[in-house]
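Here is the structure we will look at, set down as structure tokens.
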Amino acid sequence: MNHTFGYVLCCQSPALFLLAIALVIDFFVRKGRARLRAILALLGAGVCIGLGFVLYYQGMLQEYFEVKNFWRIRAPGWVGLVLAAALLVYVLVKAIARASAQRTAQKEAARAENARKQEMESAKNAAYEAGRADALSGAAAFQRETPPEPAPAAAGTDCPAAEADKSNEGAPDSPTL
């Protein structure tokens, strides 16, 4: 373990390339919704790629690795890759949990809205039925309160003037004083 800080740092290029890939994916995911954060993710990916190349170049300059074996990932590089992968998994799990909580909140809001609509509909139906019952009871009360209308008189019956004319039919005309 006779490695210097420079050697360990130069071996972190694979981790930087992994982070760059994750940031490019993040750019395409956020591109439509949050443009500023998407642009920042793309800039971060560019910085990670640039740093990865610089660290590889510095590793070759310092003769930590050569062109023929620069593709080989060394032990400090594996540690960096594992840490970068753990960070990405953590961020991914948090994003999934946040999306799940947001979806649950949307479902609860939709469920509450449906319950409110159903409650309003049942209140409207109850009011309609109550109004209908009041209208029917009011119509029945109106029919009980009004006296029945007399039927139209038949020819010569139930009319006092007609009966007086009948009684005078056979009598001679008497002079009236």
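The values are calculated or read from the model by the stated rules, or taken from the named source; none is laboratory data. In this text the structure is predicted, and so the values were computed from the model without any measurement. Counting neighbours? That spans all protein chains shown, and the Cβs are built from the backbone with ideal geometry, glycine included. Areas reflect the complete protein model, heavy atoms only, side chains present, ligands, DNA and RNA absent. Shrake-Rupley method; radii C 1.70, N 1.55, O 1.52, S 1.80 Å.
What are the trypsin sites (Lys or Arg not before Pro) within the stretch 9-43 that DSSP puts in a loop, where the Cβ has at most 14 other Cβ atoms within 10 Å? Here the sparse-neighbourhood loop sites are Lys31, Arg33.
In order along the stretch 32-38, phi translates into HN-Hα couplings of x, 8, 10, 5, 5, 5, 5 Hz, rounded to whole numbers, per the Karplus curve 6.51 cos²θ - 1.76 cosθ + 1.60 with θ = phi - 60° and x for Gly and Pro. In this structure the stretch 20-148 gives 79 Å² per residue of accessible area when probed at 1.4 Å with all protein chains present. A simple charge model with +1 on the Cβ of Lys and Arg, -1 on the Cβ of Asp and Glu and nothing else charged puts the dipole of the stretch 1-107 at about 780 debye relative to its Cα centre.
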